[in-house]
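Take a look at the structure set out below.
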Amino acid sequence: MGYVGIPTAALLADVDGFNVVGVQRRSKRSGWKIDHLNAGKSPIEGDEPGLAELIEKVVGNGSFTVTEDVSVCKDADVILIVVQTPVDDNHVPQYTSLKEVSQSIGQHMKKGSMVIIESTVAPGTTQYFVKPILEELSGLKAGEDFNLVFSYERVMAGRLLHNLRNMPKIVGGFTPACTERGVAFYKNIIQAEIYPTSTLTAEISKITENAYRDVNIAFANEIALICESLGVNVHEVRGLVNSLPYDPSNPAKNPYRMMHIPGAGVGGHCLPKDTWLLKYSIDAYGKNDVPTNVLVESRLANDYMPLHMKELIEGALKAQNVQLIEARICILGFAFLEDSDDTRNTPALTLHNILKPICREVIVHDPYVVAYEGVTLTTDLEEAVKDRNCVAIATRHREYLDIKLDWLKKMLATPVIVDGRNVFNPEDALSSGFSFRGVGIGTNTKQSKKE
Ligand code: SAJ
């Protein structure tokens with residue numbers, strides 16, 4: 001019963017004749033959702049159009065209930081697995097939840113049921129990890145006695161219901177009959193194209209969608225470092241590069257570019273982990289080893305950006321004769337994504353943890369995140385910037401776009417801005433007397449080293 005499970009269950013419960021039971025462990029972090037949902041209320045914060053109303057409706061008419069009792073699987077025709085699948089510090093997938101859930105289902109599932117995995121997994125996991133557990137505990141055979149499918153989610157915070165209904169769905173069955181049954185099932189709630197394929201192809205496609213984005217962001221970050229070194233503004237370069245026409249009606253003659261946005265780092269629950277799942281699959285299930293340096297180097301390039309922010313901060317403070325060790329620094333933005341309260345794998349925490357031991361004081365401002373273990377957080381912008389030696393922008397929250405430079409200069413002890421998310425106009429900042437650095441913003445072109 002998380003970001004994916006709740007809206008999916010609610011949508012399915014709204015189908016005539018469907019009855020849905022959500023299973024949720026009574027864990028410390030999420031147990032409270034059981035009673036919350038059974039009271040017809042949505043546990044998901046933030047603006048999710050239509051979700052609260054839908055939950056109230058389907059709980060109200062009895063077609064959606066939530067329980068911690070996993071034995072309800074014994075009556076289920078279709079069972080969806082939608083648990084979290086994190087990776088550890090060595091980038092190895094942590095399948096504790098997936099294993100527990102697979103064991104519980106194996107013990108209770110009935111002949112003729114369909115099991116669908118929606119969690120993002122390392123390709124090969126459905127076949128080599130989940131299937132053996134289900135078959136062993138149930139005594140049933142995948143593809144013969146029950147159907148097994150992998151079908152991934154494409155939900156995004158703020159658009160959960162919309163995406164579920166309107167994003168094309170990939171359905172990867174263990175056998176063609178599994179795929180067929182999976183497609184027929186999803187047709188009940190999805191109004192977009194449904195693409196049938198194999199389980200492994202679907203698992204790889206999901207990871208590729210996110211690895212693709214991670215590599216593109218790494219490309220933008222590398223171009224940004226080059227622009228800094230040569231003395232131009234990467235956002236101007238990006239605008240010019242992306243001016244190539246995009247004409248979907250003529251794919252062959254379609255030179256368009258979609259350079260992503262360079263910044264202070266890459267966070268979230270998808271991009272920082274998905275590439276490692278792909279690498280894990282090669283090591284665990286690949287017939288032979290293959291070079292994955294584009295994927296791995298891109299991951300490392302994105303993980304370098306918080307360190308680059310520290311270098312920019314150090315340089316900008318020096319221009320004001322302030323040493324890092326004596327500096328009081330304010331980081332603006334803690335969430336991993338603008339206008340969100342989601343802090344999962346946020347690069348702002350990495351920057352905070354780099355700075356805290358080597359400067360006098362670090363305070364973090366975020367309009368949405370009110371508390372985080374080991375971080376001095378405030379939602380009060382004036383308190384955050386007053387008498388600090390430097391502000392560093394880590395997340396592009398809407399509130400920061402309205403900051404006035406003359407106000408900021410009055411508030412700061414020394415006029416230093418390090419812009420990790422292209423919030424300020426460099427020329428305005430420099431002409432207002434700030435020492436200004438930014439990701440991808442070349443300050444002044446050095447004399448050619450060759451002379
Ligand atoms: N980021 C950049 N530059 C960019 C885009 C993102 O630095 O050009 C950074 C963001 O600041 C953030 C991180 O990357 O720290 C991730 O941003 P994201 O927009 O990819 O947001 P996510 O992590 O929520 O990604 C999800 C993914 N959706 C699913 O896994 C179902 C991703 O595939 C989607 O493309 C993305 O949402 C989306 O487009 O909203």
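Read the figures in this text as sums done on the coordinates, not as results from a lab. Quick caveat: nothing in here was measured; it's all calculated off a predicted structure. All Cβ positions, even for glycine, are placed from backbone atoms using ideal geometry, and neighbour counts span all protein chains on display.
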Q: Enumerate by residue number the trypsin sites (Lys or Arg not before Pro) in segment 220-300 meeting two conditions: DSSP loop (anything except H, G, I, E, B), and at most 16 other Cβ atoms within 10 Å of the site's Cβ.
A: Arg257, Lys287
Q.
Placing +1 on the Cβ of each Lys and Arg and -1 on the Cβ of each Asp and Glu in the chain, which of Thr443, Pro168, Phe146 has its Cα farthest towards the positive end of the resulting dipole?
A. Thr443
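Note down the magnitude of the dipole of segment 370-449 about its Cα centre, charges +1 on Lys and Arg C-beta and -1 on Asp and Glu C-beta and zero elsewhere, to the nearest 20 debye.
Working: 11 positive and 11 negative charges, 92 e Å.
Roughly 440 debye, rounded to the nearest 20.
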**Q.** Whole-Hz couplings from phi, Karplus 6.51/-1.76/1.60, listed for segment 333-348; x for Gly and Pro
**A.** x, 10, 4, 6, 9, 4, 6, 9, 9, 7, 10, 4, 6, 5, x, 5
(Q) Please give me, ordered by residue number, the GluC sites (Glu not before Pro) of segment 125-163 that lie in loop per DSSP and have at most 12 other Cβ atoms within 10 Å. (A) Glu144
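Checking a compactness column here: for the chain, what do you get for Rg(Cα) / (2.2 N^0.38 Å), N being the number of residues?
Details: Rg = 24.8 Å, N = 451, 2.2 N^0.38 = 22.4 Å.
Ratio of Rg to 2.2 N^0.38 Å for the chain: 1.11.
Over segment 204-451, what number does the Rg to Rh ratio reach, with both radii from the alpha-carbon atoms and Rh per Kirkwood?
Details: Rg = 19.3 Å, Rh = 19.2 Å.
For segment 204-451, the value is 1.00.
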Q: Convert each backbone phi in segment 415-424 into a coupling constant with the Karplus relation 6.51 cos²θ - 1.76 cosθ + 1.60 (shift: θ = phi - 60°), then list the ³J(HN,Hα) values in order as whole Hz, x for Gly and Pro.
A: x, 10, 10, 10, 9, x, 9, 6, 8, 9
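Exceeding 28 Å between C-alpha atoms, which entries from my cross-link table qualify? They are Lys141/Lys169; Lys57/Lys131; Lys28/Lys386; Lys33/Lys74; Lys131/Lys206; Lys131/Lys287. Provide the component values of the computation, followed by the final result.
Details: Lys141/Lys169 26 Å; Lys57/Lys131 35 Å; Lys28/Lys386 38 Å; Lys33/Lys74 23 Å; Lys131/Lys206 19 Å; Lys131/Lys287 20 Å.
Result: Lys57/Lys131; Lys28/Lys386 exceed 28 Å.
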Q) Put +1 on the Cβ of each Lys and Arg and -1 on the Cβ of each Asp and Glu in the chain; which of Ser42, Ile190, Thr414 then has its Cα farthest toward the positive end of the dipole? A) Thr414
Q | Theoretical gain in end-to-end length, Leu300 to Ser431 [0.36 nm per residue, Cα-Cα removed] | A | 43.6 nm
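Against the globular-protein guess of 2.2 N^0.38 Å, express the Cα radius of gyration of segment 5-192 as a ratio, rounded to two decimals.
Values: Rg = 16.0 Å, N = 188, 2.2 N^0.38 = 16.1 Å.
Here the Cα radius of gyration is 1.00 times the empirical estimate.
For the chain, what does -39500 (n - 2.57) per DSSP helix run (n ≥ 4), summed and divided by total residues, give at 222 nm, in deg cm²/dmol to the nearest 500? The partial results should precede the final answer.
Details: 15 runs with 173 residues, N = 451.
Taking each H run of at least 4 residues, the total per residue is -12000 deg cm²/dmol.
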**Q.** Where a label projected 7 Å from the Cα of Gln191 along Cα→Cβ would reach, residues of segment 29-60 with amide N under 20 Å
**A.** 48-58
Q. With +1 on each Lys and Arg Cβ and -1 on each Asp and Glu Cβ, how big is the dipole of the chain about its Cα centre, in debye rounded to the nearest 20?
A. 540
Q | Two-site FRET efficiency, Ala184 against Arg29, from Cβ-Cβ distance with R₀ of 35 Å, rounded to 0.05 | A | 0.50
